[in-house]
Amino acid sequence: MNRRFRRFAAAVLPAALALTLAAAGQSSSSGDTEWTPPRRAWGHPDLQGHWTNDTFTPLERPIELGDKAEFTPEEAAAFFKARLDALHGQAADDIHYDDALWQAENYDKVASLRTSLISSPRNGRLPALTAPAESRLPRQRATQRAVSADSAQSRSLAERCISWGNVGPPMLPPTYNANLEILQTEDLVVIRHEMMHDVRFIYLDGRPHPPPSVQWLAGHSVGRFEGQTLVVDTTNFTALTNFRGSPQNTRQDIFATERLHVVERFTRTGEDSIRYEFTVEDPDTWVEPWSGEMDIRRTEGPIYEYACHEGNLGLANILRAGRAAERQAPQNH
């Protein structure tokens, strides 16, 4: 970002953003559920297309905001300007390839009056952990940070290009590459994520969930349409499922168990928007269920391959350095 853009952002963006957010607040209060979506040939609402769930809104509400669910347009403009200032603060010759550029250029689209993605509990924050969850958290965090170089299997799922956690469900925006593509047939909805090549299959053919012994990182999803809304029920997770949330979330390492249950709702609210709602429960992790919502916005496609290991020497070098350290260590006799 050059100095000209920074001066423009400081002088113009706050006022423009306040006007944009005020208009957004007025349009949302008019009742977007009255919009009638186009339908596929077999009658289901049309969800197909390229979308993004990138957002400035944090997963959890800042503690100092208490139960304040929405900003005023002026408060939101100040909050998002602070986020932009943080992005602009990166060294000009070392700008990270995440949302630093994309969000700054699309501030009017990623901004929202919401103070958190979480809508329940009222404080907009994750519920307290159960005692068993508290006891296993240190081990899970140590595994996620993957300090061992014993083998590739001892590194994190993200480093091994297996899962970033953003697929969920619930689908929470990753640090970058927050784009997805939705495809539909009469009996299946497919969600293809840009980040980490993940693809979700949501079965609409009435099949039940498999036995609990059959597990996936993203669970097993079955769905049905209730009027204009796709309702998705997901179970059969593994204990390795990790929730990350948007980059502003300070509690990144949030693991669930095999008892995790997620219900999602996808509702077209306009030509270029889907309202995404979710409820999460796991009696072995949180003392109560929690819910959230956000807008998914249309974006230009296509989605390109996320070649996670192509040209990436990081994992190989970590293991190579581990073997070198072992050779240099004193031999135990």
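Observations
- Selected residue [among the aromatic types (Phe, Trp, Tyr), over 25 Å from residue 181 (Cβ atoms) and modelled with pLDDT under 90] from 56, 71, 5: 5
- Residue in segment 130-144 that is in the same structural domain as residue 259 (by TED's automatic domain parsing), modelled with pLDDT of 90 or more and assigned to a loop (DSSP other than H, G, I, E, B) present: yes
So that you can scan it fast, the table gives a plain yes or no per residue for (1) surrounded by fewer than 17 Cβ atoms within 10 Å (Cβ to Cβ); (2) among the hydrophobic types (A, V, I, L, M, F, W, C):
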residue: 152; (1), (2): yes, yes
residue: 171; (1), (2): no, yes
residue: 180; (1), (2): no, yes
residue: 201; (1), (2): yes, yes
residue: 214; (1), (2): yes, yes
residue: 220; (1), (2): no, no
residue: 234; (1), (2): no, no
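- In segment 173-189, the residues that are touching a residue at least 40 places away in the same chain (Cβ under 8 Å) and of a type in the set (A, V, I, L, M, F, W, C) reach residues that are part of a strand (DSSP E or B) and buried (at least 18 other Cβ atoms within 10 Å of the Cβ) with C-beta atoms within less than 6 angstrom, at least six apart or across chains, in these pairs: 178/52; 180/51; 180/191; 180/193; 182/191; 189/202.
- The listed residues are 250, 241, and the only one of them that is β-branched (Val, Ile, Thr), loosely packed, with under 12 Cβ neighbours inside 10 Å, under 30 Å from residue 154 (Cβ atoms) and at pLDDT below 90 turns out to be 250.
- Within segment 180-213, if we keep just the residues that are assigned to a strand (DSSP E or B) and of a type outside the set (A, V, I, L, M), the residue that is farthest from residue 158 (Cα to Cα) turns out to be 184.
- Close pairs (7 angstrom Cβ cut-off, 6 or more residues apart or separate chains): small (Gly, Ala, Ser) in segment 63-80, modelled with pLDDT of 90 or more and part of a loop (DSSP other than H, G, I, E, B) anywhere: 66/123; 69/115; 69/124
- Of residues in segment 34-53 being in a loop (DSSP other than H, G, I, E, B) and among the aromatic types (Phe, Trp, Tyr), the one farthest from residue 182 (Cα to Cα): 35
The values are calculated or read from the model by the stated rules, or taken from the named source; none is laboratory data. Note that the structure is predicted; figures quoted are calculated from it, not measured. For neighbour counting, all protein chains shown are included, and Cβ atoms are generated from backbone atoms with ideal geometry for every residue, glycine included.
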